[in-house]
Amino acid sequence: MGLLTGKTALVTGAARGIGKAIALKFAAEGANVAFTDLVIDESGLATEAEIAAYGVKAKGYASNAADFAQTEEVVNQVKADFGSIDILVNNAGITKDGLMLRMTEAQWDAVIAVNLKSAFNFIHACTPIMMRQKGGSIINMASVVGVHGNAGQCNYAASKAGMIALAKSIAQEMGAKGIRANAIAPGFIETAMTAALPDDVRAEWCKKIPLRRGGTTEDVANVATFLASDMSSYVTGQVIQIDGGMNM
Ligand code: NAI
C-alpha cells in the first residue's frame with residue numbers, strides 16, 4: 001500500500017518540471033493521476049506514460065488553467081474519467097520579471113492570471129466534488145518570494161503571496177467539510193525555470209543556502225506527497241518552505 005493508494009490527484013501544469021515530479025511521486029505512492037498543461041504534446045504524452053508505468057491510471061489534459069470555463073470543463077472531464085478528485089495541486093505558473101518602473105500591464109496581468117486566478121478556477125471547480133466526498137487536500141504552489149518579496153518580481157511575488165492567502169482562506173472556509181488547504185513555498189529549485197541563470201548567479205545563491213545546494217524537484221514532490229496524504233490529516237492553512245533553510 002502506498003501513502004496515496006485509492007486517491008485521485010489532479011496536478012496542473014505537470015507536463016514537465018516540478019509538477020511532473022509531483023505527479024510521478026504521487027503515482028509511486030499509488031495515486032491515480034490526472035494532469036493538465038497548455039498542450040499535451042510528445043513530452044506530455046511521455047509524462048503520461050511515465051506516470052502510468054507505476055500501474056496507476058494516468059491522463060494528461062490540454063487546458064489553460066487561467067481560463068475559468070476551460071477549467072470547469074476539464075475538472076468535469078477528470079471527474080467523469082477518474083470517478084473522484086481527492087487531491088488538487090495548483091502548480092501551473094509562469095514568470096514575466098521586470099522592475100516596477102518597466103513592468104507592462106500585460107506582464108502583470110499574465111502572471112496574476114496564470115499563477116493566481118488559475119488556482120481560484122480549480123478550487124472553485126473541485127471543491128463541490130470534494131465536499132460531496134467529505135474530504136480533500138488542496139496544495140497551492142507558492143514560492144519563498146511570496147513570503148519575502150523580491151525586487152524585479154513584483155507580479156510573481158504578489159501572485160505567490162496570493163496563493164498563500166488563498167490556501168489559508170480555503171482552509172478556514174472548508175475545514176468543517178474535511179477539506180484541507182496548504183501552500184508550498186519552494187526556494188531555489190533546479191528546473192528549466194532556473195537553468196537559464198548564469199553560473200556566478202547560481203553560486204551566489206548557493207552561498208546563502210544553509211544546505212549549500214539548490215533543491216531538486218523530488219525535494220518538492222516529497223513535501224507535496226506528505227500534504228496530499230493522510231499523514232498530514234491535522235495540517236491545514238500552513239505554508240511549508242522548501243528552501244534548504246535560505247529563509248527562516
Ligand atoms: P516549468 O516552467 O518547468 O513548468 C510549469 C508548467 O506549467 C509547464 O509545463 C507549463 O507549460 C505549464 N503552464 C504554464 N502556463 C500554464 C497555463 N496557463 N495552464 C496550464 N499549464 C500551464 O516551471 P517549474 O519550475 O516546474 O514551476 C512549477 C511551479 O513551481 C510554478 O508555479 C512555479 O512558480 C513554482 N516555483 C518554482 C520554483 C523554481 O525554482 N523552479 C521556485 C518556487 C516556485
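Coordinate-derived values only; no laboratory data. Source: prediction; values computed, not measured. Cβ: placed from backbone, ideal geometry, glycine included. Neighbour counts: every protein chain shown.
Per-residue Karplus couplings for region 45-60, computed as 6.51 cos²θ - 1.76 cosθ + 1.60 with θ equal to phi - 60°, are listed in order as 5, 5, 4, 4, 5, 5, 5, 4, 4, 7, x, 10, 6, 9, 7, x Hz, Gly and Pro entered as x. Please list, in chain and number order, the residues 5+ apart from Thr36 or on another chain whose amide H is under 5 Å from its amide H, with Hs placed from the backbone. Result for Thr36 returns Val11, Thr12, Gly13, Ala14, Tyr61. Whole-Hz Karplus values for region 192-197 come out as 4, 4, 9, 5, 6, 5 Hz, taken residue by residue from phi with 6.51 cos²θ - 1.76 cosθ + 1.60 and θ = phi - 60°; glycine and proline positions read x. Taken about its Cα centre, the chain carries a charge dipole of about 620 debye when Lys and Arg each add +1 at the Cβ and Asp and Glu each add -1 at the Cβ. Can you classify the chain as rounded, prolate or oblate using the Cα gyration tensor, where a ≥ b ≥ c are the square roots of its eigenvalues, rounded means a/c under 1.5, and otherwise it's prolate if a/b beats b/c and oblate if not? Rounded, since a/c falls under 1.5. The distance between label points at Ala69 and Thr104 comes to 2.6 nm (points 7 Å beyond Cα on the Cα→Cβ vector). Under 5 Å from the amide H of Gly215 lie the amide H atoms of Phe188, Ile189, Glu190, each residue being 5 or more positions distant or on a separate chain, with H modelled from the backbone and absent for Pro and chain starts. Pairs of lysines in the chain whose Cα atoms sit within less than 20 Å of one another amount to 24, provided the residues are eight or more positions apart or on different chains.
Among DSSP beta bridges lying fully in region 8-242, give the percent that are antiparallel, nearest 5. Bridges in region 8-242 that DSSP calls antiparallel: roughly 0 percent. Using 1/(1 + (r/R0)^6) with R0 = 35 angstrom and r between the beta carbons of Asp199 and Ala62, what's the FRET efficiency to the nearest 0.05? The pair Asp199/Ala62 has a calculated efficiency of 0.50. Among Tyr234, Tyr54, the ranking by other beta carbons within 10 Å of each residue's beta carbon, starting with the fewest, stands as Tyr234, Tyr54.
Rounded to the nearest 20 debye, the dipole size of region 112-248 about its Cα centre is 420 debye, using +1 on the Cβ of Lys and Arg and -1 on the Cβ of Asp and Glu. Sort out for me the Cα centre separation of region 5-30 from region 62-87, rounded to whole Å. Distance between centres, Cα-based: 15 Å.
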